[in-house]
Each structure stands twice: as C-alpha cells, then as structure tokens.
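Here is the structure we will look at, set down as structure tokens.
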Amino acid sequence: MNNKFDALKDDDSGDHDQNEENSTQKDGEKEKTERDKSQGSSKRKAVVPGPAEHPLQYNYTFWYSRRTPGRPTSSQSYEQNIKQIGTFASVEQFWRFYSHMVRPGDLTGHSDFHLFKEGIKPMWEDDANKNGGKWIIRLRKGLASRCWENLILAMLGEQFMVGEEICGAVVSVRFQEDIISIWNKTASDQATTARIRDTLRRVLNLPPNTIMEYKTHTDSINWHHRSLLFCWRATWKILLSWTRGIGRAFYVLRTG
Amino acid sequence: MSGGSSCSQTPSRAIPATRRVILGDGVQLPPGDYSTTPGGTLFSTTPGGTRIIYDRKFLMECRNSPVTKTPPRDLPTIPGVTSPTSEEPPTEPSQNHLRNSPEDKPAGGEESQFEMDI
C-alpha cells in the first residue's frame with residue numbers, strides 16, 4: 001500500500017491500515033478488531049460510575065498513539081495512528097484502566113498517552129482545542145511516570161480550579177527526553193493559563209527554575225503546516241527538475 | 001493540602017441563581033486552601049459552581065479498591081501498552097506494575113520528586 005495516499009485519504013470508517021508498525025500481522029489484526037469493538041460500544045452506551053464508586057466531575061478517555069519514525073504526519077494520518085483505550089466515569093474505573101496499562105516510562109519508541117475529557121479528541125483541530133494551547137514541561141528520562149501520574153490525578157481530582165477550561169493531558173515519550181503537557185480551551189485567557197501553571201508547579205513538585213513553556217495550538221498548527229508545505233514543495237521541485245531533465249534528454253536524443 | 005484526605009463530593013442541589021461571585025484573575029483563591037472546607041463543598045467560590053474535587057491522597061487510597069484489580073472488559077489489547085488478560089504469570093512486568101506503583105518504588109521514589117534538573 002502507499003502510505004502517502006493513505007494519509008491523505010479522509011476516511012473515518014476505521015478500516016484504514018495504520019498498524020504497519022505492529023510486531024506481527026496477527027497482533028495487528030487482533031488489536032484492530034478489539035479497538036473497533038470498544039469504539040463501537042463506547043458510542044452506544046454512556047459510561048457511568050458503578051454503584052458505590054466515586055464519580056468524577058467529567059468522564060475521561062485514554063488514548064494511545066505511536067508514530068512510525070521518519071514519516072511526516074498529516075493530521076489525518078495522526079488521527080489514524082491514535083487509538084482509544086477506553087472511557088471511565090469514576091475514580092475506581094480510572095484505576096482499572098491505569099493499573100492495566102504500562103507506565104509511560106516503560107513505553108518504547110515515539111509514543112504518547114493522552115487523557116482527554118470524553119468527547120474531546122486529542123487533536124488541535126477539535127473544536128474544544130482550536131482556540132487553545134498547552135503548558136509543556138520537558139523532563140529528563142526517568143521522571144515521566146511519576147510526573148504523569150501526579151498530573152492526571154490533579155486533573156481528575158479537579159485541582160486546577162479553572163472551571164471548564166482543561167481539555168486533557170499528554171505524556172510524550174521521545175528519544176532523549178519525555179514531555180508532559182496539559183491542554184486548555186482558551187489560550188488567550190491569561191488568568192487561566194497562569195493558574196494552570198501555578199497548579200502544575202504545586203502538584204508536580206517542580207523546582208522553581210523548571211522551564212515551563214506555553215504554546216498556543218495555532219502556533220503549533222502553523223509550524224506544522226509550514227513544515228508540511230516545505231516537504232511538498234521540496235518534493236515538487238525534485239519531480240519538476242526530473243521531468244525537465246528527462247524532457248531535455250528526449251529532446252537531445254531526437255534532435256541530436 | 002492540609003493533610004487529611006478529602007473526598008469532597010457534594011450532593012447535587014439546585015444552584016440558586018441569585019448569588020454570583022465574580023473572581024478576579026485568580027489570586028483570591030490560592031490553591032491549597034480549598035481542601036480545608038468542612039465537607040469539601042466549594043459551592044459558590046468555585047468558578048463554574050459545584051465541583052467534585054479529590055486530592056491525590058484520596059485518589060491513591062481508591063487504588064486499593066478490589067474492583068481495580070480486574071481490567072475493564074473492553075480494554076483493547078495493544079502489545080507493550082495494555083495488559084488486559086489477568087491469567088498472565090505473575091512474573092510479567094505488567095503484573096508487577098500493579099504492586100509497584102511509582103509511589104511505593106523502593107529506590108528513588110520519594111526523592112526523585114525533588115531532585116529534578118530539567
């Protein structure tokens with residue numbers, strides 16, 4: 001199959017083939033059917049807290065994504081690479097998921113865990129995110145698991161005190177460092193972003209000199225689009241010079 | 001946080017529409033003070049009304065609830081990411097993870113939080 005065309009295909013049906021990176025074909029097949037099944041069931045019935053469980057302020061959904069190295073991602077292929085793990089509505093249901101997932105520090109390769117409010121996709125393009133931004137904190141290797149746990153516990157427990165503003169949190173495992181981030185709805189709301197920053201400092205026990213960076217999603221999108229555009233232009237230029245070269249060669253052959 | 005674990009879930013009640021507290025840029029509500037509210041009700045001081053608030057300590061205690069020992073029924077199998085089957089031998093790293101949370105890791109558990117140079 002041709003990945004480039006697959007990435008461009010705007011296809012939400014779930015039959016796209018994004019599992020090339022899986023170790024074996026069998027695992028890939030199994031995973032795909034399981035995922036479709038879980039997505040189907042989560043669409044049908046609402047997730048509610050069980051009896052005697054502690055309800056959360058919001059339902060949340062765990063997502064997992066893994067990028068095949070070296071391939072530029074368009075937003076469609078990003079959407080295809082991201083998998084829903086499941087949705088929970090209570091503290092106990094959260095622990096059922098969390099206890100049966102590996103810790104971020106034990107993930108391999110270029111992968112991310114996302115924990116977003118139910119109904120918000122962990123993508124810049126989602127309506128809840130398009131005017132938003134994120135605080136990002138870069139961590140040296142070995143800290144991600146603990147920081148991620150503290151971050152999501154604070155989010156689930158409504159420790160940020162910014163009303164409806166929080167969208168979700170991400171932990172990104174990268175080659176030399178790990179990154180945790182928390183996304184909010186309104187990047188221009190400075191009171192909110194300041195309060196999120198202060199809560200992050202408190203719940204993550206960060207030393208005062210930790211560098212925290214706020215990025216609006218529009219900046220991220222622009223940067224991403226610019227780099228994609230650059231790739232396309234470069235490819236186009238190469239193709240153009242080839243055709244010209246071939247054309248010239250033919251011309252020389254005919255006339256010469 | 002003031003020590004005691006708080007599960008500050010409030011019974012649902014109609015929100016009186018007459019009272020409205022406008023909060024400025026957030027400095028009036030220092031984080032840390034809210035868990036001292038008896039019963040944990042934050043009604044009318046929380047932007048957006050009543051909220052279900054849990055502190056870290058309480059959430060960690062819920063982890064030991066028996067229901068958390070079994071994986072969710074529709075947990076997808078993602079190799080290296082999820083471990084939905086509970087009939088794995090106890091030597092599996094994922095099973096160890098159940099007991100060894102980052103919290104009770106013997107080495108560098110509590111310290112690592114403070115000696116972060118980033």
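The values are calculated or read from the model by the stated rules, or taken from the named source; none is laboratory data. Just so we're clear, the structure is a prediction, and the values are computed from it rather than from any experiment. Positions of Cβ are backbone-derived with ideal geometry, glycine not excepted, and every protein chain shown enters the neighbour counts. Just the protein is used for accessible areas: all its heavy atoms, side chains included, with ligands, DNA and RNA removed. Shrake-Rupley method; radii C 1.70, N 1.55, O 1.52, S 1.80 Å.
Scoring residue A:190 on the criteria (1) under 20 Å from residue A:94 (Cβ atoms); (2) within 8 Å of chain B (Cβ to nearest Cβ); (3) open to solvent by 10 Å² or more (accessible area, probe 1.4 Å) leaves a single failure, condition (1).
Examine the stretch A:32-54 for a residue that is within 18 Å of residue A:170 (Cα to Cα) and either modelled with pLDDT of 95 or more or among the β-branched types (Val, Ile, Thr) (or both), and state whether such a residue exists.
Scanning the stretch A:32-54, I find no residue that is within 18 Å of residue A:170 (Cα to Cα) and either modelled with pLDDT of 95 or more or among the β-branched types (Val, Ile, Thr) (or both), so the answer is no.
Restricting the stretch B:47-80 to residues that are closer than 27 Å to residue A:107 by Cα and of a type in the set (S, T, N, Q) leaves a set whose member that is farthest from the other protein chains (Cβ to nearest Cβ) is B:64. Sub-8 Å Cβ pairs linking a first residue in the stretch A:166-194 that is without any contact (Cβ under 8 Å) to a residue 40 or more places away in the chain to a second residue that is in a strand (DSSP E or B) and open to solvent by less than 30 Å² (accessible area, probe 1.4 Å), at least 6 apart or interchain, are A:177/A:139; A:192/A:184, ordered by first then second residue.
For the stretch A:113-169, enumerate the residues that are in a strand (DSSP E or B) and either more than 14 Å from chain B (Cβ to nearest Cβ) or in contact with a Pro (Cβ under 8 Å, 6 or more places away or on another chain) (or both). The answer is A:113, A:114, A:116, A:133, A:134, A:167, A:168, A:169. Checked against the criterion of being among the β-branched types (Val, Ile, Thr), over 27 Å from the mean Cα position of the chain (by Cα) and either under 27 Å from residue A:128 (Cβ atoms) or modelled with pLDDT under 85 (or both), the candidates A:216, A:255 yield just one match: A:255. Is it fair to say residue A:104 is more than 14 Å from every other protein chain (Cβ to nearest Cβ), within 20 Å of residue A:174 (Cβ to Cβ), crowded, with 19+ Cβ neighbours inside 10 Å and modelled with pLDDT of 95 or more? In short, no.
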